[in-house]
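So the structure is just underneath, and the comments pick up after that.
The values are calculated or read from the model by the stated rules, or taken from the named source; none is laboratory data. Being a predicted model, the structure only gives us computed values, none of them experimental. Here Cβ is always computed from backbone atoms with ideal geometry, including for glycine, and neighbour counts include all displayed protein chains.
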Amino acid sequence: MGRRSKFLSLDQKVSAKRESDLRYIHSPRGKTVRAAYRQSSQRRKQRKNNTLLDIPSPTERMLTLYAKPFPTHSRLFADALRSPDALDESDLARWKREPPFEEDDDDTDPHSLGYLRFTQSLCEVLHGVRLREQNQRDAELRSESTKNGRGAVELQLHAEVRAMFSTWDRVEKLLGEGFYHPYHQSREHAMLEHYFEWLGRSICHLYYAEFLDD
């Protein structure tokens, strides 16, 4: 069983995505999210020393991705978030690395319903895994901040955020160029979008570093 593409061309898909992002940005929720993070940014910058003030601020697109809800309805997401032993995570490494990805060795018909469902499940599992790993690292950084001082941790985060901005530019270019076809390479395309989303989430998460206040 195949699935008919919703958009006739990649340009139409990209245009629709931009329109969707713009609608969100100007929606009440989008405005609230942006205002909250601007206020948080000001508070954070007041505490940073002068060597940290040159960190690029997250873009509107990053903030939009950061505010997206997680698939909390998914059992796979919940299991992956709960424990690394709950699911088989042995084949996730290829999708967690910066794209382009290794060639997918799944010989299932890429247009079949089963293939598309597995791709969706893969996204849900990866959301859980990434959030679990993020929470674990947050705890480690809080401990390090208590032990060595907040300034040392912020210097480390400063370097990481700068590197992530470079990665963001590379991955955004892949998306803009249509590196993976959304229909004929649906899994790779979905994983590229997932990676891009989490890159935006991570930049915002480390930039604001609210977890250090917990």
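I'd like to check something: does the stretch 50-58 contain any residue that is modelled with pLDDT of 90 or more, surrounded by fewer than 17 Cβ atoms within 10 Å (Cβ to Cβ) and out of contact with any His (no Cβ under 8 Å at 6 or more places or on another chain)?
Among the residues of the stretch 50-58, at least one is modelled with pLDDT of 90 or more, surrounded by fewer than 17 Cβ atoms within 10 Å (Cβ to Cβ) and out of contact with any His (no Cβ under 8 Å at 6 or more places or on another chain), which makes the answer yes.
Suppose the filter is closer than 30 Å to D109 by Cα, assigned to a helix (DSSP H, G or I) and at pLDDT 95 or above; does L206 pass it?
no
Quick one: E124 ticks every box in (1) of a type in the set (D, E, K, R); (2) closer than 17 Å to Y180 by Cα; (3) in contact with a helix residue (DSSP H, G or I) (Cβ under 7 Å, 6 or more places away or on another chain) except a single one, so which number is it?
Result: E124 passes all but (2).
Mind checking which pairs have a first residue in the stretch 80-104 that is surrounded by 11 or more Cβ atoms within 10 Å (Cβ to Cβ) and a second that is not in a helix (DSSP H, G or I), Cβ under 6 Å, 6 or more apart or different chains?
Between residues of the stretch 80-104 that are surrounded by 11 or more Cβ atoms within 10 Å (Cβ to Cβ) and residues that are not in a helix (DSSP H, G or I), the close pairs are A80/L87; R94/F101; R94/E102.
Just wondering, is there one or more residues in the stretch 144-155 that are surrounded by fewer than 19 Cβ atoms within 10 Å (Cβ to Cβ) and hydrophobic (A, V, I, L, M, F, W, C)?
yes
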